[in-house]
Structures are given as C-alpha cells and as structure tokens.
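Chemist: Here it is, the structure in full.
The values are calculated or read from the model by the stated rules, or taken from the named source; none is laboratory data. If you're wondering where the values come from, they're calculated on a predicted model, not measured in any experiment. Cβ placement follows ideal geometry from the backbone for every residue including glycine, while neighbour counts extend to all protein chains displayed. Remember, those area values only see protein heavy atoms, side chains included, never the ligands or the DNA or RNA. Shrake-Rupley method; radii C 1.70, N 1.55, O 1.52, S 1.80 Å.
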Amino acid sequence: MNTDHLVTTFVDYFEERGHRRIVGSTLLPPPGDPVLFTTSGMHPLTPYLEGRPHPGGGRLVGVQRCLRTTDLQEVGDATHLTVFEMLGTWSLGDYDGPRSLDWGYGLLTEGLGVDPGLLHATVHAGDDRTGPDTASLRLWQDLGVPVEATADANWWSNGPVGPCGPDSEIFLWSGDGPPRSTPTRDDRWVEVWNHVTMTHRRLDDGSLVPLPRRNVDTGLGLERLASLLQGKPSVFDCDVFEPWRRLVPPLWQLDETSLRIVSDHLRSAVVVLGDGVRPTADGRGYVLRRLVRRLLTVLWRDDPSRGLGDLPGELVRHTLDHFRQDTPPQEVLRLLREEEHRFRRLLDRGRQVLARPRFRGPLTTEDFHYLHDTHGLPRDLVTTLRQQ
C-alpha cells in the first residue's frame, strides 16, 4: 500500500463515519501566531478546539504537512523526519475518546490489514491532579489489545498554556519474531497514532481548569505508518523517498545516516521554499538556512567539492508535486545554489577569523557573542569550524 492509497483509505474510512474532509494548510501559521511553522495537524484548528464553531461541523478529517525542529538531532534514525505529513481526525464536542480509539482500531485492523497481535496501547494512569483514563483502558481490554498505563507519557499539552488532556497511544511492533515487552521498555514498539481527549486548559500559573466542551484530536504520521505497512526498516525506505534512494547515492557516496540527513534536509528545504519562505538571518528564514547549512556540512565532510548544482531537478519536481506546491523547480534550485555560495563565503571568512590568536584557546560566552554580532558567525557554525 503506497502513501496515496493509504491517505485515500484513511479519509474514506472516516468520511463514511460522518467526518468532513478539510484542506490542510501550508507550513506557515496564520498571522499573529507565535509559532514559526505548523508543527501538528491540530495546530491550524486551535481556535475551533478552544470552542469556536467550525464551518465543517463537529467531525473532521484531514492531512496536514508539518515541520518540527525539536527532533532535528534525531533525524537519521528510523522514524524521525523534519517535514512530514500528519493524518488527523477531530471531534469538536461530538464523540468521546473510546469511540475514537475503537474506530482507530477498526481502520488499522480491517481497513489496513494490520495483525491485531502486533498492536499495543498506552493510556494515562492518573497523577496527583487528574484521575486515570479508565474508559480508554476498558476499551483496549475489551478489544484484547495489551495496554500499559503511564503518567507523564500519556498526558498531552499544546505548550505551557492551553488545551490539554489524557492521551492513548497506539504502537505497532516493528521487530522480528513475536511481540514482547511493552512500549516503555522496548523501542521496537513504534508509536503510530495518538488519540488525545482534551479535557482541561492549563493556565499561566500551571493550574488546570475543566474545558466546557471535550474534544478529541488524533494524529497519525503518514510516512511512519507507510514504512511499517510496507515492511521497510525506516521512513526513508517507504515509497515517498524512492526517488531520493534512486538518485542521490550515484551522485554522492554517503553512509546510511548521512544519506538520510541530506535527503531529509534537502526535501524539507524544498517544501519550505515551496511555501514561500526565503533564507534570512532570523525567524522562519533562519530555520531554512540552518537546514541547508546542516546538510551541506554533512555533504562536505568527505568531499568539499560537492555542490547542490548537481542536484537532479526530478527530486525537486517530485517533492513540489507531492506537496501540491506551484513554485517553479528552477526557482527552488536557484535559491538553494545561492544559499550554498553564501555559506561557502561565510565558512572562508570564519576560518580566517578563528585563526586569530584570540580564538585559539577555549571560547567564552563573550567570544561567541562577538563572533555572532561582529562577524555573523552563529555558535553552532563556530563549533563546527573548530572541530574541523
């Protein structure tokens, strides 16, 4: 089952259960939102999850592209991506958490053909402020799915303030042989779907107050689920990355981790550029710049002569088409090459500055501030140059 088929199956299943499909937004949150990029499927729906009526009704389903830099250091493993797509369903004061979980179980086992014996769930065990999620626990027990109760790992919040509540996570066994242990004790259990029941609002002082209307928000990572259903060892082996697997290795000889980082960051940069962001020294533009510089640092580790001018246009077109973006591929390639040239010049200048006697010993906080403010050398770049 390729990702297109997976999306269709997911959306059709929930439309049959009264959900209205909504069109996902770009990576850019609406004006005034303090977050730089859309980080989850629920992010564009925050006003409706907080009580505003949605024009589509109380049952929604959709696909949202997301960008996360909080897991940037994890990219290169089997499950993390910078830009990814999130399948989501929402109940805006309509049905409860157990019904959402029951439908989720039905989609996985009947709609997608997952062996029920390969599933495991976790639920909120309760803490000193909230009780245990007994309704979700009972649902999993009735379905015969092994379930583990945790406290901190199964309480979801959208930042330090705002809606929050218990969640129940569904895991799929990715190891060889029969499943063993539990999700908190064996990382071969891969989280694929999180179902959050938003029951409270966290205030500035950390206290919790009940929400007037309970909502359910679920999120399922498309690439992660696709790789598991396709029997692939990582998200970088699912069909979305087929062109990258085919075209990048003949161009640049890279070890597996480096190939994953370069492919992820290049693909992510293309999507960010496709949504209209341009490289700058701060904000969204700096996130883009950081991605490009990080992939170039990996690319040049063994061969500084490598360049983005060699990048096949097919990869850019494939990514823009997949995310339904209309930015011309040649424009994206031009911007990537310009940022590469800018980074090369910065590296040359940085090496000259760091060769000065003042910077030959351990660097102080004052040194890092001076290098950034006077010479435009960020701390992470200075650290990289000193390691070379």
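Chemist: Leaving out ligands, DNA and RNA, and with a 1.4 Å probe, what % of the accessible surface on the range 154-245 is carbon or sulfur?
Modeler: 48
Chemist: Remind me, relative contact order of the range 1-82 in percent, using alpha carbon pairs under 8 angstrom and six or more residues apart?
Modeler: 33
Chemist: Provide the FRET efficiency to the nearest 0.05 for the residue 342-residue 96 pair, computing r from the beta carbons and using R0 = 56 Å.
Modeler: The calculated FRET efficiency here is 0.60.
Chemist: Return the sequence-ordered ³J(HN,Hα) values of the range 163-178 in whole Hz as given by the Karplus equation 6.51 cos²θ - 1.76 cosθ + 1.60 applied to θ = phi - 60°, using x for Gly and Pro.
Modeler: Result, rounded to whole Hz: x, 7, x, x, 10, 10, 9, 9, 10, 10, 6, 10, x, 7, x, x.
Chemist: A further question on this structure: Can you pull the one-decimal nm distance between simple spin-label points at residue 246 and residue 278, each 7 Å off the Cα toward Cβ?
Modeler: Label at residue 246, label at residue 278, 3.4 nm between them.
Chemist: Quick check: Cα centre of the range 163-190 to Cα centre of the range 311-388, how many Å?
Modeler: 38
Chemist: With an 8 Å cut-off on Cα pairs and a minimum separation of 6 or more residues, tell me the relative contact order of the chain in percent.
Modeler: Relative contact order for the chain comes out at 13 percent.
Chemist: When the chain is modelled as a GNM with alpha-carbon springs shorter than 10 Å, which of 207, 263, 174 fluctuates the most?
Modeler: The residue that fluctuates most here is 207.
Chemist: Is the range 39-127 best put as rounded, prolate or oblate by its Cα gyration tensor, with a ≥ b ≥ c the root eigenvalues, rounded for a/c under 1.5, and otherwise prolate when a/b is larger than b/c, oblate when not?
Modeler: Oblate, because a/c is 1.5 or more while a/b does not exceed b/c.
Chemist: For the range 86-146, which trypsin sites (Lys or Arg not before Pro) pass both filters: DSSP loop (anything but H, G, I, E, B) and at most 11 other C-beta atoms within 10 Å?
Modeler: 129
Chemist: Can you show me the helix-derived [θ] at 222 nm for the chain, built from DSSP H runs with n ≥ 4 at -39,500 (n - 2.57) apiece and divided by the number of residues, rounded to the nearest 500.
Modeler: Computed mean residue ellipticity for the chain: -12000 deg cm²/dmol.
Chemist: So, R0 is 35 Å and r is the distance between the beta-carbons of residue 380 and residue 184; what FRET efficiency does that work out to, to 0.05?
Modeler: 0.60
Chemist: Just the projected area, averaged over all directions, of the convex hull on the alpha carbon atoms of the range 324-369: how many nm²?
Modeler: With the hull built on Cα positions only, its mean projection is 5.1 nm².
Chemist: OK, next. How much length, in nm to one decimal, is gained on full extension between residue 176 and residue 359, taken as 0.36 nm per residue of separation minus their Cα-Cα distance?
Modeler: My answer for the length gained is 60.7 nm.
Chemist: Can you give me the accessible area per residue for the chain, using a 1.4 Å probe, in Å²?
Modeler: 46
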